[in-house]
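The values are calculated or read from the model by the stated rules, or taken from the named source; none is laboratory data. Keep in mind the model is a prediction, meaning the values are calculated, not measured. Heads up, the Cβs are rebuilt from the backbone with ideal geometry, glycines too, and the neighbour counts pull from every protein chain shown. Each accessible area value is taken on the protein alone, full model and side chains, heavy atoms only, with ligands, DNA and RNA left out. Shrake-Rupley method; radii C 1.70, N 1.55, O 1.52, S 1.80 Å.
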Amino acid sequence: MLDVSPVLGLVALVLAQVGLIAWLRRRAAVPAAVAPALAAALSLLITYACGLAGRLSDAPWAVLVAGGLGLLWELIRSPIDLAKTLVHPAVLSLAVAMGALSWLLRGRLFQHYDNFSHWALVVRVMLRDARLPDATDPLVTFHSYPLGTASWEYAVARLTGPDEWHLMLAQDYLLAACAVSLLAVTPRRWWLGLPVAAGFGWTLATHGPALDTLLVDSVLAGWTIAGLALLAAHRGQVGRATLPLAALVAALVATKQTGVYWALVVILAACLLRTGRWWQRLAVLVVPTAVGAATLMAWQRHTALVYGAEPATKHAISVSRFRDVLAAKTEQERASIGSAYLHAVATNRQTWLVLAVLVLSLLLFMLARPGRGRRAAAAGAGVLGVTLVYLGGLYAMYLLSMPTGEALALAGFTRYLSTLTLVLLGVVVLVGLHIAEHAEWTWAPAALVVSLAGCAVLIPRGPLLDPVPADDVRVRVAAAFGQLTIKPDASVCVFSDVRDGGYRTALVRYLLLDEHVATLRAPDRARATLPVPCDYAAVVDPYPAGDAYLRLRGHVLTPGRPVVVAR
C-alpha cells in the first residue's frame, strides 16, 4: 500500500474516477451513462501500460494524477456541469451499486480454484514484487494471459489495502460501470432504463463467475455491452464514438485472449451502422482496430521478452503447441470430445432461451418501429453469426488447447459459455431500451417485460453468494500456516486423502507464495520423521493415516484443527 491510509486512498481513487467521468462527459462528448465504463477502461489501460513499461509501482499515482487533473479542470471550467454529472442517474446508480457490493463482500475470501491457480495469485505476486511477473516467477504459470484487470486490481490494492475483498470490489466496479452504460440508450426516459439496467447488472454479477472471484469472463461481456451501448447512443453519428470505442476495444484485448474476438464483434457492429460521412465510417473501423492491435502487440512483445518467443503454457496461442495438443488426443478421444460438446450445447437451456427472447425482442422492434424490418433482420443475422463463430471457437479450444482429461470433461464449459449468453442478453436489453426510448408509449411496457424476462432466464436461483461452511478448507489451511513462519523457498507437503484436483496444492501455493508445494498421502505410521522432500508438512484433513502420523509425533489432535509439522 502507498504511504496513505486506506480511507484516504479510497477517497483519492473515487475522486479520480469522478474527475475522469466528468471530463469525458463534457470534453470528449461521451454519454454520461457510458463515461463510468470508459473511465474504468482508461484507468485499467493506464495501469496496464505502467506495468508493460516496467513502472508498475507508479500505476496508482498515474491513475490519481489523470483523474485529479480531470477533476481540477472541471472544477475550474465548469463546476455546474460537474454537479450535473454527479447527480446523473447512471452515476448515482453506480454509487448505490458499489455501496451494496461493499456491504455484501466485506471480509469475503477467495474460494474458487482459478483464483489460486492464476487470477488472484498473479495479483499477490505483483503486490509482492511491484512488477509484472516474468520467467523468474515459477508461481505464475499462465504466461500468455493478459494482465489488464490484474494491473487495475494491483493499483486499487496499493491505494486501499490488499484485503481480498478489496480486489473483488475492484473487479466488480468494472462490471457495475458497464451495467449502467445501458442507460445511454434511454437519455430522455431514463426511469424506464433503471430497472432494466439493474436487472442486467444483477445478471452480469451472478450468471458467470461469482462476485467473489477475479475470473474475467463476465468482464469481457461487460466491456462488449458498454461498446454496443456507446454505438447505440451515437448511432446517428458513429464517428463521434471512434476514440471512446478504441479505449473499450483496448480494454477487451487487455482483459483476456478471447477479448480479441469480442473487440472484433464491437468494431464490426460499428461498421454495420453505416451512419455519418465516409471518413467517419472509415475512422471507426481503422482507429479501434489499430489501437486494439497495438495493445495486443505490446502484450505479445512483453511475453516474448520475458518468457521467450512462444510461451509453452496452457492456452498459449502457438501453432506448434496446437499441433502437439491435438496430436496427444486419439481419434476416439476427439470424437468423444465432439460428441460431449454437441450434447452440452444442445442441452444448455439458458442459451436457447436467451436466443428465443432475442428473437421475440427483434419481432417487437419490427412492430414498434415500422419500416425497420431489414435492420432487425440484419441484427438477427449478425447475432447468429457471432454465436456460431464463438461456439466453433470454443470447440476448437477444447481440441487444440485443452489437455485431454480436461477436454473430455469440458472443463469450464458453463463459464466460457456465460460470456456469450451475457452478450446475447445485452443485445436483448439494448433492443428493448431502444423501443422504450423511441417508440410510442404503448410499446414501452412490452419492451421492459421482454428485457427483464431475458434477465430472469439467466439469473441463478438461490443466494447471491454461496455461504462459507464453518469447516471450510480455506479457513483451516490459513489458520494452520498462520501458526508459524515458513522459511522462504521451503518445501511444503500437504497430507490429505481428498481427491480435489489440486485445490489444496494451489491454495497453499497462493497463501505462502511458495511454488514448492505438493499434496501427498501421510507416510506410514512407522515413520516418525518427515519425508525427505518436505521441510514442512500440513495435515489439513482428518483421516486415519494422518491422525496416526500426528499422534506418533506427539501432537494432541483437536477435531477440525489442522497441524503444521516442521522438520
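Of note:
- Sequence-ordered 3J(HN,Hα) estimates for the range 240-247 from the Karplus curve with 6.51, -1.76 and 1.60 and θ = phi - 60° stand at 5, 8, 4, 5, x, 5, 4, 5 Hz, glycine and proline given as x.
- Nearest-ten-degree value, helix 373-400 long axis tilted from longest Cα axis of the chain: 20 degrees
- Close lysine pairs were tallied over the chain: pairs 8 or more places apart or on different chains with Cα atoms under 30 Å apart number 4.
- Per-q log10 I(q)/I(0), the range 127-281, q = 0.14, 0.15, 0.19 Å⁻¹ (Debye; single scatterer per alpha-carbon; no solvent): -0.77, -0.86, -1.20
- Packing-based ranking, highest mean first, of 369-377, 252-260 given that Cβ atoms within 10 Å are counted: 252-260, 369-377
- Positive-end extreme of charge dipole, the chain - chosen from Gly51, Met126, Ala205 (charges on Cβ): Ala205
- Per-residue HN-Hα couplings for the range 51-56 [Karplus 6.51, -1.76, 1.60; θ = phi - 60°; Hz; x = Gly/Pro]: x, 5, 7, x, 10, 4
- When both the range 447-496 and the range 212-250 are represented by their alpha-carbon centers, they are found 30 Å apart.
- Taking each residue as 0.36 nm, the span from Ala335 to Gln280 lengthens on full extension beyond its C-alpha to C-alpha distance by 15.0 nm.
- Heavy-atom accessible surface of the chain, averaged per residue, reaches 43 Å², computed with a 1.4 Å probe.
- Taking the helices alone, the chain has a mean residue ellipticity at 222 nm of -21000 deg cm²/dmol, built from -39,500 (n - 2.57) per DSSP H run of at least 4 residues and averaged over all its residues.
- Overall dimensions of the range 9-162 by Cα: Rg and Dmax, Å: 16.8, 53
- Summarising the amide proton neighbourhood of Arg108: residues at separation of 5 or more, or on other chains, whose placed amide H is nearer than 5 Å comprise Trp165.
- Carbon plus sulfur fraction of accessible area for the chain, probe 1.4 Å, in percent: 65 percent
- Distance between modelled label sites at Leu15 and Ala566, nm, 7 Å Cα→Cβ extension: 4.6 nm
- Arg551/Val475 FRET efficiency (R0 30 Å; Cβ-Cβ; nearest 0.05): 0.80
- The C-alpha atoms of the chain define a longest principal axis, and helix 444-458 lies at about 20 degrees to it.
- Derived scalar couplings between HN and Hα for the range 16-33 equal 5, 5, 4, x, 5, 4, 5, 5, 5, 5, 8, 7, 9, 6, 7, x, 4, 6 Hz in order, rounded to whole Hz, by the Karplus curve 6.51 cos²θ - 1.76 cosθ + 1.60 (θ = phi - 60°), x for Gly and Pro.
- Estimated FRET transfer efficiency when R0 is 25 angstrom, pair Ser102-Trp191 (beta carbons, to 0.05): 0.45
- Taking all protein chains as shown and a probe of 1.4 angstrom, Cys271 keeps an accessible surface of around 40 Å².
- Antiparallel DSSP beta bridges within the chain, as percent of all bridges there, nearest 5: 35 percent
- Solvent exposure ordering (accessible area, 1.4 Å, most first) of Ile76, Ile46: Ile76, Ile46
- Under 5 Å between amide hydrogens, built in the peptide plane, is the criterion, and for Leu520 it picks out Val494, Phe495, Ser496 among residues at least 5 positions away or on other chains.
- Using the average count of surrounding beta-carbon atoms within 10 Å as a protection proxy, the listed peptides 63-70, 166-173 rank, highest first, as 166-173, 63-70.
- Legend note: in the chain, cysteines whose Cβ sits 4.7 Å or more from every other cysteine Cβ are Cys50, Cys178, Cys271, Cys455.
- Spatial separation of Cα centroids for the range 17-63 and the range 403-421, in angstrom: 33 Å
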